[in-house]
Amino acid sequence: MLLSDEPVSLTYVRDLLESDKPTVPLKAPGGGQARRMRDSHHALARAVASGMDQVEASRITGFSQGYISDLTNNDPAFGELLAYYRKETDKEHADLRERLTVLALDISQEIADRIREAPETFSNGDLRQFLTALADRTGHGPSSTVHAEVDIIDHLSYSEQKALADALEAMNKKMIDITPKREDAA
């Protein structure tokens, strides 16, 4: 089908040569099979863009984890779709943060007004809760330290355990003790 009613003219220049063949194989994105982005692909892209892991995305969309991995790693069209939904998700989060910030400012102003107008209506417990919440949100709240020990040795194969032991031994050989020696006064 021609786009114009004008006649087409062809001119012979030369025969095609071996060097005229494309040097890069012509393949569709995604490993050779052209993929059409369906609604299910859009749903998958939205799920992954929102931070959902591939296991959960697989459960929701019905796509296998291998297929999802192939799409996210090898399909430029899906990559563009994912980038679009990530940008949209970022905008939505920014809008939500903005609305929550304005609401928090309104609520804090209301509490401040009530404390100024009728401080006796607040109990010491109420004031303590306000102070704790505000201090925590501004980085001045109570802190705690969590100590955890993880024994990874049980999860390593024999060869991985051996490699780890060899690495630790090599590190110990390279260590130099620079602790000053104390002279006993006696």
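FYI, it's all coordinate maths here, none of it is from the lab. Nothing here was measured: the structure is a model prediction, and the numbers come from that model.
Points worth noting:
- The relative contact order of region 39-137, computed from alpha carbon pairs under 8 Å that lie at least 6 residues apart in sequence, is 22 percent.
- Calculated P(r) of region 43-111 - Cα pairs past 21 Å, %: 40
- Per residue, the convex hull spanned by the Cα atoms of region 69-148 amounts to 150 cubic angstrom.
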